[in-house]
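Trainee: Have a look at this one.
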Amino acid sequence: MSGLVAYPGPAGSHSGAAAATLHPSAELHALGGFRAVADAVARAEVEQGVLPIESSLAGAVPETHDLLHERALSIVAEAVLPIRHCLVAAVDVPLDEIRVVRSHPSALEQCRSLLDALPNAVVVPASTTADAARETSESGDPTAAAIAGPEAAGLYGLVTLRDDVGDGPAFTRFVSVAPYTWLGAERDGARTAFTFVTDHRPGALHAAIGPLAAAGLDLVRLVSRPLPATPWSYRFDAVVAGHPLDPAVRGALDELASLTRSHRVVGVYEAARMTS
């Protein structure tokens, strides 16, 4: 697509690379965090926004799931990108002298072995990995480091202390979100994302997803998130293989609706191919 597409910046973030992959002809606009991107899309200040939603190492990205639930947004496309994390700093410093490590919480989760090897360092969360790199560069602190991508290290003049510091091969699923639901996805390879809330009783979740199994549908993702207004209650965010206009998917979702307190479709899109 062309037009204006937002991503959580600054420049050099993994989301920026995903935005370029999903929207190669668009004008890309870096905003200050996930919520700023979601708000810009909801207000029609940009056509779409790109956010990470799942890591192969750390699992679901809670903030993106919650923004999709809180805002009138819908997933219209996805891309899966390999992620390479580096430990970077303003100067070449021994690891045992590092006192601060900045990064996005999802990146920190993907680099637990590295953090275990830095017992003297305080972990400081950042809005994005690129923000962590920028803040580390601007701090001028020789004992501060960041976990960020190699592009961010280059942009902010940082030295790479350790390359490829993730706990294993890492991929992140990014989604493009819009203020509408798109039904133009090809039927073969389509994915339907939806969110629902069950009654608080034994077997409620099993009953809710039973129609999907009965219809022979593949439930490719299921994430639980707390409902802030009702402690110890949860909603479920799910993705099923198939298009909501397919009779089997439509029938299963209709039955799920009759078994839950609330439900809403939050995306129809084509499944991503792995990007190497």
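The values are calculated or read from the model by the stated rules, or taken from the named source; none is laboratory data. All figures in this text were calculated on a predicted structure; none of them were measured in a lab. Here Cβ is always computed from backbone atoms with ideal geometry, including for glycine, and neighbour counts include all displayed protein chains.
Trainee: Would you confirm, using the coordinates I've provided, whether A20 is free of Cβ contacts under 8 Å to residues at least 40 places away in the same chain, under 20 Å from A132 (Cα atoms) and either surrounded by fewer than 20 Cβ atoms within 10 Å (Cβ to Cβ) or among the basic types (K, R) (or both)?
Mentor: So A20 fails the test.
Trainee: If you don't mind, there's one more thing I want to ask. Is segment 233-247 home to any residue that is modelled with pLDDT under 95, among the aromatic types (F, W, Y) and not in a strand (DSSP E or B)?
Mentor: no
Trainee: Tell me, yes or no, whether segment 264-272 has at least one residue that is hydroxyl-bearing (S, T, Y), in contact (Cβ under 8 Å) with a residue 60 or more places away in the chain, surrounded by 12 or more Cβ atoms within 10 Å (Cβ to Cβ) and not in a strand (DSSP E or B).
Mentor: Scanning segment 264-272 turns up no residue that is hydroxyl-bearing (S, T, Y), in contact (Cβ under 8 Å) with a residue 60 or more places away in the chain, surrounded by 12 or more Cβ atoms within 10 Å (Cβ to Cβ) and not in a strand (DSSP E or B).
Trainee: I've got another one for you. Any idea which of (1) more than 19 Å from the chain's Cα centre (by Cα); (2) buried (at least 19 other Cβ atoms within 10 Å of the Cβ); (3) modelled with pLDDT under 95; (4) under 26 Å from V223 (Cβ atoms) is the one A208 doesn't satisfy?
Mentor: With (1) more than 19 Å from the chain's Cα centre (by Cα); (2) buried (at least 19 other Cβ atoms within 10 Å of the Cβ); (3) modelled with pLDDT under 95; (4) under 26 Å from V223 (Cβ atoms) applied to A208, the lone miss is (3).
Trainee: With respect to the numbered conditions (1) buried (at least 21 other Cβ atoms within 10 Å of the Cβ); (2) assigned to a loop (DSSP other than H, G, I, E, B); (3) touching a strand residue (DSSP E or B) at 6+ places or on another chain (Cβ under 7 Å), which one is the sole condition not fulfilled by I75?
Mentor: Evaluating I75 over (1) buried (at least 21 other Cβ atoms within 10 Å of the Cβ); (2) assigned to a loop (DSSP other than H, G, I, E, B); (3) touching a strand residue (DSSP E or B) at 6+ places or on another chain (Cβ under 7 Å) leaves (2) as the failure.
Trainee: Just to be sure I understand, how many residues within segment 162-196 are surrounded by 19 or more Cβ atoms within 10 Å (Cβ to Cβ) and either farther than 29 Å from T230 by Cα or touching a His at 6+ places or on another chain (Cβ under 9 Å) (or both)?
Mentor: Number of matching residues: 14.
Trainee: Filter segment 34-59 down to residues that are closer than 21 Å to D131 by Cα, assigned to a strand (DSSP E or B) and at pLDDT 95 or above, then give me how many there are.
Mentor: Going through segment 34-59 one residue at a time, the tally reaches 6.
Trainee: Output the residue which, of all residues in segment 248-263 that are touching a Leu at 6+ places or on another chain (Cβ under 8 Å) and part of a helix (DSSP H, G or I), is surrounded by the fewest Cβ atoms within 10 Å (Cβ to Cβ).
Mentor: Among them, the one singled out is A248.
Trainee: Also, I was wondering about something else. Tell me, which residue of segment 211-233 that is closer than 26 Å to A77 by Cα and not aliphatic (A, V, I, L, M) is surrounded by the fewest Cβ atoms within 10 Å (Cβ to Cβ)?
Mentor: Among them, the one singled out is G216.
Trainee: Right, next: Can you go through L222, L217 and tell me which one is outside the structural domain of P105 (by TED's automatic domain parsing), within 30 Å of P125 (Cα to Cα) and of a type in the set (A, V, I, L, M, F, W, C)?
Mentor: L222 is the lone residue from the list that is outside the structural domain of P105 (by TED's automatic domain parsing), within 30 Å of P125 (Cα to Cα) and of a type in the set (A, V, I, L, M, F, W, C).
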